[in-house]
Structures are given as structure tokens and as C-alpha cells.
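Participant: Structure below; questions to follow.
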């Protein structure tokens, strides 16, 4: 079952005095690229968060956001009362005024407020880890649903290429005999005497260069292998990409050997379907 690399996951938990929100967004990328936005107080745990994400998500450009909202019951900043009173006394000595005015001025001066470094409570950290895992599960489910849509599209396009290949088989039945007739007429039009045996040898060699039997067989095998890989337990976008390269190689060879306008038109349609598959393969995990 294939997974898309595009996904979104969000989970929220309410703790005493805090609301924890984790958001994850994933886009396609050749490797795992994690961009983390974590509050300063939780920076020491960022590596743990990254490792958890890396174990769950193999590839993709991941935006990880951790939001911590505190209610009025809890704050890490407090008024440094002794410092503020000292400031007010000094200000009153310089220019007497109302206490409220002196307080407003004192609070703007250095060290009037103090911030205590928060220590992450083990239970709180466990709650954040649980929220992160829930968000990862939501993102994975999102990727799975997107993958189902991609799989449906791939199957339809592979089927279309198989149908075009069948058209190629039909056209190929009389193609070489038609090429042979054209060449024989061209030689007769020259009104020159030629060695029949030598002409037959050269003609056989020429027609062998336009034979596409092997290409048709290999293309059919590659299409079958692509469909089998879609049904595998693991999502492997890179492997599907490699198979697409092989499919494209056989289609191009058939086109170069065709020497037949109707067959070349069918080849163009096959290429169009394959290009659309290649565009979407970039989004497969």
C-alpha cells in the first residue's frame, strides 16, 4: 500500500495551567528534512522530538510546531518587589509624584521583572510525547488516504498504457511487411539491376533493426512489475520511479523503431500517460 508524502496532523491536550498543541505538516522531499519550531523552554528536548518524528516518518519535508499556551494560573515571570520599591524611593527623591506614576516608571527599569527558568516536569514531557505520537498517527492516516488516491490514478494510467501496447501489437502485425513493400517499390522505381541475394540480405538486416518484439515483451513485464509493486506492503516511491525509467526506455525504443505514423501516434499517447505517472511518483513515500 503506497503512502503519499503530503500530510497533516494536529493534536491538542489540556494540562493543569497549560494547553499543548502539536502540528505536523509534510511535503515531498528526496530525504527526511525536519524543520522544528519549539518554545525556548523546551529546546533541550528538541532532539528527542526529532528522533520520534524520524522513526515514524521515513521521508518528506516535515514542519513540526509545538505550541504551549499558559493560562493566568501559571507564569514564569514575577515582579522583583525589592528592586521596584528601591527604584520608587530613588525616583521620589528626585521628583516627588503619585505612587502609581512612580510604579509605572519603576517597572520599565532593568531587573524590575525576573524570569525563572522552567524545568520541564516529567509528566508534562510524557504528555507532550503522547500528543506528538497522536499527531504523527493522524499525519500517517492522511498520507495513507492520499496514497489510495494516487494508487487509483496509477492503476488507471498503467491500464491505459497496456491498452496502447495492445494497439501497438495490432499495428505491428503488418508493419514490417508494409516497410518491405515500400523498399521493394523504391528499388524498382530506380530501374536499376540489383543482386537479388544481396538485396534480400540487406533488406533482412534493415528490417531486423525495426523489429520491436523484445521491446513489447519487456514493456509488458515492466508494467506488470509496476502493478505488483503498488500492491506490496511497503510504500516505495523510489522503486516505482526506477520502474518508470525502464518503462520509458522501452516506449522510447518502440517509438524510434516504429517507422510507422499510426504506431508513433500511439507511442506519443503512451509517453503522455507515463509523464503524468512520473509527476505523481514524486509525491510517493
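The values are calculated or read from the model by the stated rules, or taken from the named source; none is laboratory data. As the structure is a computational prediction, the values presented were derived from the model and not from experiment. All Cβ positions, even for glycine, are placed from backbone atoms using ideal geometry, and neighbour counts span all protein chains on display.
Participant: Please verify whether residue 153 is at pLDDT below 90, surrounded by fewer than 16 Cβ atoms within 10 Å (Cβ to Cβ) and either touching a helix residue (DSSP H, G or I) at 6+ places or on another chain (Cβ under 8 Å) or within 30 Å of residue 62 (Cα to Cα) (or both), treating the condition exactly as stated.
Facilitator: For residue 153, the condition - at pLDDT below 90, surrounded by fewer than 16 Cβ atoms within 10 Å (Cβ to Cβ) and either touching a helix residue (DSSP H, G or I) at 6+ places or on another chain (Cβ under 8 Å) or within 30 Å of residue 62 (Cα to Cα) (or both) - is not met.
Participant: Report whether or not residue 49 is closer than 30 Å to residue 152 by Cβ and touching a helix residue (DSSP H, G or I) at 6+ places or on another chain (Cβ under 7 Å). Before the answer, list the steps.
Facilitator: Working: closer than 30 Å to residue 152 by Cβ: no; touching a helix residue (DSSP H, G or I) at 6+ places or on another chain (Cβ under 7 Å): yes.
The answer is no for residue 49.
Participant: Which condition number in (1) modelled with pLDDT of 95 or more; (2) more than 27 Å from residue 173 (Cα to Cα) is the one that residue 281 fails?
Facilitator: Among (1) modelled with pLDDT of 95 or more; (2) more than 27 Å from residue 173 (Cα to Cα), the lone unmet condition for residue 281 is (1).
Participant: A follow-up question, please. Does region 262-277 contain any residue that is in the same structural domain as residue 159 (by TED's automatic domain parsing) and within 21 Å of residue 26 (Cβ to Cβ)?
Facilitator: Looking for residues that are in the same structural domain as residue 159 (by TED's automatic domain parsing) and within 21 Å of residue 26 (Cβ to Cβ), one finds none in region 262-277, hence no.
Participant: Would region 56-74 turn up any residue that is at pLDDT below 80, touching a strand residue (DSSP E or B) at 6+ places or on another chain (Cβ under 6 Å) and not in a loop (DSSP other than H, G, I, E, B)? Lay out the reasoning, then the answer.
Facilitator: Step one: filter region 56-74 for residues at pLDDT below 80, giving 70-74.
Next cut, touching a strand residue (DSSP E or B) at 6+ places or on another chain (Cβ under 6 Å) only: 70.
Still in the running and not in a loop (DSSP other than H, G, I, E, B): 70.
Within region 56-74 (the criterion being at pLDDT below 80, touching a strand residue (DSSP E or B) at 6+ places or on another chain (Cβ under 6 Å) and not in a loop (DSSP other than H, G, I, E, B)), the answer is yes, since at least one residue qualifies.
Participant: Out of 274, 240, 223, I need the residue that is touching a strand residue (DSSP E or B) at 6+ places or on another chain (Cβ under 9 Å), buried (at least 17 other Cβ atoms within 10 Å of the Cβ) and assigned to a helix (DSSP H, G or I). Which one? It would help to see each step written out before you state the result.
Facilitator: Working: 274 fails: touching a strand residue (DSSP E or B) at 6+ places or on another chain (Cβ under 9 Å); 223 fails: touching a strand residue (DSSP E or B) at 6+ places or on another chain (Cβ under 9 Å).
After ruling out the rest, the residue left standing is 240.
Participant: Can you pull out every residue in region 43-52 that is surrounded by fewer than 18 Cβ atoms within 10 Å (Cβ to Cβ) and closer than 19 Å to residue 20 by Cα?
Facilitator: Selection gives 43, 44, 45, 46, 47, 48, 50, 52.
For every residue, the table says whether it meets (1) surrounded by 12 or more Cβ atoms within 10 Å (Cβ to Cβ); (2) within 20 Å of the chain's Cα centre (by Cα).
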| site | (1), (2) |
| --- | --- |
| 54 | yes, yes |
| 66 | yes, no |
| 79 | yes, no |
| 82 | no, no |
